[in-house]
Each structure stands twice: as structure tokens, then as C-alpha cells.
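The structure appears below as C-alpha cells.
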């Protein structure tokens, strides 16, 4: 099968290309940056370049994007050109080329302020039914691209699946207070409870989405590690998250004490992956229980693919305050 992967020099793009090549697929990698995983250096905003890359392609994986870390360093128009116009170019050329499955990598960040309940409210139980309230140009353009996918399914019958991924970047947290209060490994382990996913599980979700897209047509899925929490935990998570975690994952506390780690005192939202597990047959492997078991055995909790791809960052330059500037 011939496959197009946009953003092939990026974090998820490289992971997809590696996995697809291992499965003997013919891969066209498109990125503005040259790399061993990019066959065509160019931009998705260049319609002629997209057309050349789309020839003979059966499946499109589209993770190329300007990210949240670019909000402070790029113009709003850059986000529109890449995230909206670039996606439109891909969708139109995919229809012309007779593509069978179009998989769009979105983000839970499209939900924006919907992820932050009022201070006295329970934690938010985030499913695909949550209504996006974007809070920056990144969220606005990713939400618009999701709508373009829905439009092309409805009007052109292009099978499109939208995957709203939670955090899987390996870089440090952009919040200075978090960086000062917790080690990076501690932060990431905590996040597997409610808003993180390993890149190997993200890749498997993309492959399953491509397989099921022709029969599904159009659907949105949250792609995040399976949470141990339940809806009945939401009120307590806001006021005493460590107690709830002890109830759901009793083994965590001893390992955290051994490492002198801390659980977040409060958790305000929980991403729910039930739809993806039920409809795509997705079986994410890397959840909080798995992480604790690996840590207890003094093993690296990251997947082999995550270790292989490593960290890429978002900018060529370095910044004095954190991994990237915050708007």
C-alpha cells in the first residue's frame, strides 16, 4: 500500500514512517525539513507539491502542523496557512487521487477552555462530546481543520478520521512552576493518569483508524492512555487527587516514596478513550499501571519507539526560560 505521511521529519511523522516501512508499505514522506524519513521536501501549503506527493496514494496520515509552542514565535497567518489551508490542499488532492482513508492528527487542545472547570466544580470528564472552546490560534486552526475533514466526508464522501491526541511530546513542561516543583519524569508519570499517551500507542491508533475509516466514514476519537479513574471520582480529584490515586492504583505510593516523587494535589480533567477502544479495537499498552510496574523494575517506562524517535523540539533556537516561549 502506498501511504503519504505529512510532517515526516517530525516526532509523530517519523514514528509513523518507521512503523509503516517496517510493515513493507511504500511511504511518501512530506516535510519542510529534510531527514532520512522525508522523500519530498516541501510544504503542505504548496498545492503543486501536495499534488505530486498524492499520486497513487491510498492512505494519508496528516500530522503536519504548527503546534502550540509556535504560538509565541509565529504569526497567526502562519497557522492559518499551514493548519487550515494546508489541510484543505491535502483534502482536495486526496479526493482527486481517490484516496481511501484520510487520518487527521488533531489535539485535545482544540477543547481549550472546556478543559478547565470552575474552581469549585468536579474535574471534567472529557469525551468526544465536549464542545471545543479554543483559546489560541493553534486551537482555532486545529478545530477548523477538523471541520474541513467532516465537510469533505459529507460532500465528497472521503473517509476521514480525526484523532485528538493528548500529550506525547518528550520535552519538558512549559510551565515554570511545574518544572520547579516536580522532576520531568515525575510530571510525565502523573500525566498518564489523565492526559498523556505514549507515541507507540498513538501510532497504533493511527493504523487502526486507517483500517476502519472506509467503513466508519467520519468520526472523532480521543487518543490518550486509559485512565484508572471513574466518573464517581471527579469531585474528589479536584480536592485530593493522591487519595483517589491510592484507591485506584495502590502500588503507586511505595514507588513514588522510593523515588521521592509527588502526585499532583489536584487533577482538573480526565481524558476518556472509551470510544476509540470500542470502535477501533484500540488497545493502548502504556497506562499509569504499566508505568508504575516498569518503574518498580527500574526499567525505562517509554516504549521502544519513543526511545528510538527521541526528542526533536519545536524551534531551531534555544530559549532561556523553558523549552519554548509561552505567549
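Results, tabulated for the structure shown:
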read-out	value
Exposure proxy order (Cβ contacts within 10 Å, fewest to most) of 302, 294	294, 302
Ranked 219, 230, criterion: other C-beta atoms within 10 Å, fewest first	230, 219
Mean-position separation - Cα centroids, segment 240-290 and segment 104-138, in angstrom	19
Rounded to 5, percent antiparallel among DSSP beta bridges of the chain	0
Helical contribution to [θ] at 222 nm, DSSP H n ≥ 4, -39,500 (n - 2.57), averaged over the chain, rounded to 500	-11500 deg cm²/dmol
Net length gained if the chain between residue 95 and residue 75 were fully extended (0.36 nm per residue, minus Cα distance)	4.2 nm
Compactness index (Cα Rg / 2.2 N^0.38 Å), segment 163-274	1.19
Ranked packing of 190-203, 245-258, most packed first, by mean Cβ within 10 Å	190-203, 245-258
Nitroxide proxy distance, nm - points 7 Å out along Cα→Cβ at residue 154 and residue 251	4.7
Ascending count of other beta-carbon atoms within 10 Å, so fewest first, for 65, 39	39, 65
Relative contact order of the chain, defined on C-alpha pairs under 8 angstrom at six or more residues apart (%)	19
Calculated SAXS-style log₁₀ I(q)/I(0) at q = 0.19, 0.20, 0.21, 0.24 Å⁻¹ - segment 1-97, Debye, Cα scatterers	-0.84, -0.93, -1.01, -1.25
Segment 147-204 and segment 1-16: distance between their alpha carbon centers, rounded to Å	16
Per-selection Kirkwood Rh - the chain (Cα, Å, 1 d.p.)	20.3
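Bear in mind that the values in this text are calculations on the coordinates, not laboratory data. All values reported here derive from a predicted model rather than from experimental measurement. Cβ: placed from backbone, ideal geometry, glycine included. Neighbour counts: every protein chain shown.
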